[in-house]
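Note sheet for the following structure.
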Amino acid sequence: MKNLLKKIAIATLMSGAIAVSNPAYSQISETQKQETTKEQKLLPDLNFYFETGDYKKYSDTPEFKKNIQAWLCDCPKEDGKGYIFFRYGDTDDDGFYDYVNIFNYYDKLIKSEEKFSFDFDTKKIDYALEIYENCHGTNCDRIIRKDYNEINQEEAKSLGEGFYERIKEFTETQKEFSRFNSDPLENLVRKEAYHALGINAYGNLVGNSRIPIEKLLSEEEIKKVENYHIEKPERDRIKKEQEEKVKAEQEKREKIRIEKEEAKKPKVRLKIGGGIAINSREGHTGFFLGITPQLSNKKGKGFAIGLDMFVMNSETNFEDSYRTEDEERLEWLPAQYTYKYLISKTLYENQVFIKNFHRLGFKIGYVSPVLGIFANVGFLGRKTLITTTAEIEEYTEIYGTKQGQSSFKTEITNFERKNYFGSRYAGLGIEIFPYFKKEGSEKNISFSIDGLFTKGGYIHSPNSYKGLAYSPGQVIIKAGLKYTFGK
């Protein structure tokens, strides 16, 4: 009963109650149908396909509880392509299709989509017309959209007999259609494709009585559709420029973001270098060759720490001398009322040669893209060669008078020793990148110079009287070039 009432309602809305119950009307419709089947089909080169189903949800349509889809194509059905897609939809599962959706691709320049939604309670129709560019793919520009809600019977008639008859055809066709009688639906779909909106050879938007564009669209809207393809190259150029500008800005922001993120991540750089080292004592010049692992941020700006490791050839010579005196009471001399003493005096002279053969320590400082400043501490590995000469003088003494004086020197004794953690050092250094390349290129070669100070101290010497030789402090200045990997 519900389905019957709705059918009566839509028939009343679109055809009038008299037409539905009038036998003459039924006879005319049957006669027209017979004449249509005798006529040659529209667009005969296109194949007609259809399918029916239950639930379906198309893009930008309500949910269909039941649906019918029909289309025309010059291809096999399996391809799923078409020049028009005509859809019936039952949105409330009452057995009557209250929604019509038509995609028409038949024109080469534009395509259109129409939506008809029938409200049987208010006896009104909602209608929407959208016109797109007919491009390849699915992301085509929508040129215009017009919506007309709650169109009543009188308004539908005022749009034109073709538009009004078209709505009636939607109703009649679905009543006559079945899986075993698809001719009414095929005729309707071919008619819809044939009467599609299009752009003629003069660039004008062409409508018809079924789609009366002069009533549905304003003059400005019609001109907008007609001028779309004329203005498209300039519009595409502007759009492309804007997209490229946006893309460039996004890439710039992304690059800055990545650089900031990367700058927070510590990175190890490996530096190798060589040059000369000058010792302040006697101005000795030697060489150095080193490797410095350095931990800093990737941006190359901020605090950095690293190891200070070099093979060196830095030499220094110095003398260290001191005297000793021994006194031995030999005998008592009664006649003189005094004692006889044996005096022994020794002069020790240490000739010390020190060769610094490596440097091992830590450094910490601040780096920027153009320079680095570091403080360093560590140990010098050194090889020590000591030549000791002892000059001995012996005599006896009575009442302070020397008796039987004699003197002699001992044989020279060499003492050689390696100490990998010898004297401690502390220093300051600077590293500069003066070798600039083209903008954006990396600067890997740097000039470095630093100075370090070693505090004086005793060197163990088993050949000396004291067992120690005093080493004075040294100042070593080194300068050279470094190459940085992974800058």
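Given the condition closer than 27 Å to residue 432 by Cβ and in contact (Cβ under 8 Å) with a residue 12 or more places away in the chain, answer yes or no: does some residue in region 313-331 qualify? Yes - at least one qualifying residue is present in region 313-331. Put simply, of 211, 276 the only residue that is touching a residue at least 24 places away in the same chain (Cβ under 8 Å), over 30 Å from residue 474 (Cα atoms) and not in a helix (DSSP H, G or I) is 211. Among all positions in region 165-174, there is no residue which is β-branched (Val, Ile, Thr), surrounded by 18 or more Cβ atoms within 10 Å (Cβ to Cβ) and part of a strand (DSSP E or B). Report yes if residue 226 is at pLDDT 95 or above and either surrounded by 14 or more Cβ atoms within 10 Å (Cβ to Cβ) or not in a helix (DSSP H, G or I) (or both), otherwise no. The answer is no for residue 226. Restricting the first member to region 403-432 and to residues that are within 30 Å of residue 305 (Cα to Cα), and the second to residues that are at pLDDT below 80 and charged (D, E, K, R), the beta-carbon pairs closer than 9 Å and six or more apart or on different chains are 423/455; 424/455; 425/455; 426/455. Taking the residues in region 75-97 that are of a type in the set (D, E, K, R) and at pLDDT 95 or above as candidates, determine which candidate is farthest from residue 169 (Cα to Cα). The extreme case among them is 90.
Filtering region 133-165 to residues that are among the hydroxyl-bearing types (Ser, Thr, Tyr) and more than 36 Å from the chain's Cα centre (by Cα) leaves 148, 158, 164. Against the conditions (1) aliphatic (A, V, I, L, M); (2) assigned to a strand (DSSP E or B); (3) at pLDDT below 95, residue 42 satisfies every one except (2).
The values are calculated or read from the model by the stated rules, or taken from the named source; none is laboratory data. The structure displayed is predicted, hence computed values, not measured ones. Cβ atoms come from the backbone with ideal geometry, glycine included; neighbour counts cover every protein chain shown.
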